[in-house]
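Notes for the one structure printed next.
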Amino acid sequence: MVLKKIRRKVERILTKPFKKPPRKPSIKPPSPCPSPPPEPPPAIMNRRPTHPFIFPESHSAVLPDPSPFFSPNLLSSPLPTNSFFQNFVLKNGDQPEYIHPYLIKSSPSSLSISYPPLFSTSAFTYQIFNADLTISAVDNPDPNQTHKISSINDLSVTLDIPNLRFYLVRGSPFLTCQVMQSVTLSFSTIHAILDFTPNSSKTKYKINFNNGQTWVLYASSQIDLTHEMSKITSLPFTGIIRIAILPNSDLKLEQVLDQFSSCYPVSGDAVFSSPFCVKYRWEKKGWGDLLMLANPLHLRLLDHNSSNKILDEFRYKGIDGELVGVTGDSWVLKTDPVSVTWHSIKGVKEESYPEIIEALVKDVNDLDSMLISTKSSYFYGKLVARAARLALIAEEIGHVDAMPKVQKYLKDTIEPWLDGTFDGNGFVYDKLWGGVITKQGCQDSGADFGFGIYNDHHYHIGYFLYGIAVLAKLDPVWGRKYRPQAYSLMADFMTLGRGGNTKYTRLRCFDLWKLHSWAGGLTEFADGRNQESTSEAVNAYYSAASLLLAMEIHASQTWWHVRDDGGLYTQDFTRENRVVGVLWANKRDSGLWFAPAEWKECRLGIQVLPLSPITEVLFSDMGFVRQLVEWALPALAREGVGEGWKGFVYALEGVYEKEVALEKIRKLSGHDDGNSLSNLLWWIHSRDEGDQGYEGGGKHCWFGHYCH
């Protein structure tokens, strides 16, 4: 139902007729707007394909085989490619993943849990995996057998090893293991066991290590345990085992664990019950109330009118900030709505029209699809979106003479990718994992920045969708013709359904627990998934008119934007950084994939591009924008700084110093390949000098109530 709503919303965007801006331009256009092409007969207009469009199938030579790690019942459906548990299904499946609040690592016939210490410098911060406890079944006849993923949900994954099933539910303070049949269990540790204390019924054991940690083990029935220096062994047992660390020595925290130890989640899903709202719903077993942990963004968005109780003193530390206890088997997270607009939010000043038109005429005259040399889906998509911005700028200021050439350029560049006639590359369908990849990516895992192994899908497709939406706005007949291909591209990363009836995995890039996207694809990384450019992720959901847009913006402002008084990261890291370079599941890095940490203009720019109306919402906090620009400006004195990166710094400077930034932009000798002088002038001239922006409150900030 929700997917239908999204599709209807996108359909409205793709087919909504052009509306003239309310403000009449001070410069009259030299010729009238060309008449739209004649509409086809109603029967043709209303005809819909019986089946969704699928790009031609192609066999990839570089994708890994998913069958060793997924259970057979899952292999018949599209599979996750940017998931929080992705390391568990790549190569040997033995790299850790952060299942808050623990790092979890699977090895043949065993699973290790770590409550990770945090190591931080001014350049990076990361969590260290130590095998605090390793759980296995004794006398396993096949000790080299790999684990199997038997169930996948939005907030959980179920991992099976011989005789043991682990319900890995994100945000659970307990690791829950179901012992499927009567076996002897082994719990080993890299630490020395100093104290080992059972309760009278032998259903709870308190274990102290020499590193200062205290762990508590709960059992659904009596379990007889004995211990050596670094190993605990049981008599044969079947039932439920739950393990949790005491985050500190406060006796009250142990009492909280005791109170909620009998109710355990086996899975968790996210439900889109209403616009700008997501509901977490856990399937639980046992008895009593469910206790979970909320990250800082959850706490900001949690509907406080619900029956959930926040246990403010029950806290676990982690790289994403402190995790706080919340009771209840469902949560409701709400965000303020975001207006998806074609044009600037506040409007362009009429007196600035002549300067913008002068730049626009030149930028449009330079458009020539025959001069495009790149075959890359990323760089090609940026050129498409750049031209689409020119069309919308021309529309907003009423310079209709520019429209026909931009429209032709968009058709010439987009249609070959949708028709499959583009020379040297194109979109194809991969049946193995279930998704759109590129022809180049089928043969080379590094081509198109790894698009063929599902890296950066939302970035690349987001640029194409933006161009498609704008072209469909200008030419509704064209939009109807290519609607099936547009929906297929969108479905690659925006599908809400699941199971064998879908062609694409559910929300390929979006993490419904962290509430932001991941890139990385099917590459094993020791620190899990990662994402560099939040603004390109925001652009993807903006282009698709998605309800995920607001959440991606919230998460960007929470974890990528480093405020000098934020308190989320350590003092050393906060002092030297205003934006995270690459954010990993288990690491924060100041460097970029393509530039060192010292290139601050690149770090700012990669969190801004592409510049569009939604950028104003992403950077609605003027106080932070000023911090960010003042942090980056000194880097522009370095020899060899690219003009394109300077443009993004000056664009943000224009938020609070319009005239100063405008003079700098006029002197630029070049622009990013997805940007233009027209776009920069449009941005600067749509800034309101009389508006002080948002610094703790403001009429133009949709996120003030929740984020700050």
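The values are calculated or read from the model by the stated rules, or taken from the named source; none is laboratory data. The shown structure was predicted, so the numbers you read here are calculated from the model rather than taken from an experiment. We place every Cβ from the backbone using ideal geometry, glycine too, and count neighbours over all the protein chains shown.
Summary table below
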{"item": "Yes/no for Ile468 being under 11 Å from the mean Cα position of the chain (by Cα), surrounded by 22 or more Cβ atoms within 10 Å (Cβ to Cβ) and in a helix (DSSP H, G or I)", "result": "no"}
{"item": "Answer residue from the range 332-373, given it is acidic (Asp, Glu) and free of Cβ contacts under 8 Å to residues at least 12 places away in the same chain and is nearest to Tyr280 (Cα to Cα) among those", "result": "Asp366"}
{"item": "Output for the range 241-267, where each listed residue is surrounded by fewer than 16 Cβ atoms within 10 Å (Cβ to Cβ) and small (Gly, Ala, Ser)", "result": "Ser249"}
{"item": "Residue ranges of helices (runs of 4 or more DSSP H) in the range 1-101 with at least 1 members surrounded by 10 or more Cβ atoms within 10 Å (Cβ to Cβ) and at pLDDT 95 or above", "result": "72-75"}
{"item": "Number of the exception - Leu549 against (1) touching a residue at least 60 places away in the same chain (Cβ under 8 Å); (2) closer than 21 Å to Tyr280 by Cβ; (3) touching a Ser or Thr at 6+ places or on another chain (Cβ under 9 Å); (4) buried (at least 24 other Cβ atoms within 10 Å of the Cβ)", "result": "(3)"}
{"item": "Meets criteria (at pLDDT 95 or above and of a type in the set (D, E, K, R)) for Arg508", "result": "yes"}
{"item": "Residue check for Ile319: touching a residue at least 24 places away in the same chain (Cβ under 8 Å), within 30 Å of Val655 (Cα to Cα) and surrounded by 17 or more Cβ atoms within 10 Å (Cβ to Cβ)", "result": "no"}
{"item": "Residue that is surrounded by fewer than 19 Cβ atoms within 10 Å (Cβ to Cβ), assigned to a strand (DSSP E or B), in contact with a His (Cβ under 9 Å, 6 or more places away or on another chain) and of a type outside the set (Asp, Glu), where the choices are Thr226, Thr233, Thr238", "result": "Thr233"}
{"item": "Residue pairs meeting the criteria (Cβ under 9 Å; at least 6 apart or on separate chains; first among the small types (Gly, Ala, Ser), in the range 239-265; second surrounded by fewer than 23 Cβ atoms within 10 Å (Cβ to Cβ) and assigned to a helix (DSSP H, G or I))", "result": "Ala244/Leu257"}
{"item": "Counted residues, the range 474-505 - those being at pLDDT 95 or above, more than 22 Å from Phe84 (Cα to Cα) and not hydroxyl-bearing (Ser, Thr, Tyr)", "result": "13"}
{"item": "Residue, nearest to His298 (Cα to Cα), within the range 513-545, restricted to residues that are surrounded by fewer than 23 Cβ atoms within 10 Å (Cβ to Cβ) and polar (S, T, N, Q)", "result": "Asn530"}
{"item": "Only listed residue being modelled with pLDDT of 95 or more, over 19 Å from the mean Cα position of the chain (by Cα), under 30 Å from Trp342 (Cβ atoms) and among the hydrophobic types (A, V, I, L, M, F, W, C), chosen from Val629, Val579, Val641", "result": "Val629"}
{"item": "Every residue from the range 266-285 that is touching a residue at least 60 places away in the same chain (Cβ under 8 Å) and either assigned to a strand (DSSP E or B) or among the small types (Gly, Ala, Ser) (or both)", "result": "Val266, Ser267, Gly268, Asp269, Ala270, Phe272, Val278, Tyr280, Trp282"}
{"item": "Residue within the range 418-430 that is within 34 Å of the chain's Cα centre (by Cα), assigned to a helix (DSSP H, G or I), modelled with pLDDT of 95 or more and of a type outside the set (D, E, K, R) present", "result": "yes"}
{"item": "Residue identified as at pLDDT below 95 and either in a helix (DSSP H, G or I) or hydrophobic (A, V, I, L, M, F, W, C) (or both) among Val348, Val338, Val384", "result": "Val338"}
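Yes or no, residue by residue, for (1) assigned to a helix (DSSP H, G or I); (2) farther than 17 Å from Ser612 by Cα:
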position: Arg508; (1), (2): no, yes
position: Lys514; (1), (2): no, yes
position: Gly521; (1), (2): no, yes
position: Glu524; (1), (2): no, yes
position: Asp527; (1), (2): no, yes
position: Ser535; (1), (2): yes, no
position: Val538; (1), (2): yes, no
position: Ser546; (1), (2): no, no
position: Gln557; (1), (2): yes, yes
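Yes or no, residue by residue, for (1) among the polar types (S, T, N, Q); (2) in contact with a Lys or Arg (Cβ under 6 Å, 6 or more places away or on another chain); (3) modelled with pLDDT of 95 or more; (4) within 24 Å of Pro116 (Cα to Cα):
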position: Val169; (1), (2), (3), (4): no, no, yes, yes
position: Thr189; (1), (2), (3), (4): yes, no, yes, yes
position: Tyr218; (1), (2), (3), (4): no, yes, yes, yes
position: Leu225; (1), (2), (3), (4): no, no, yes, no
position: Leu235; (1), (2), (3), (4): no, no, yes, no
position: Arg242; (1), (2), (3), (4): no, no, yes, yes
position: Asp258; (1), (2), (3), (4): no, no, yes, yes
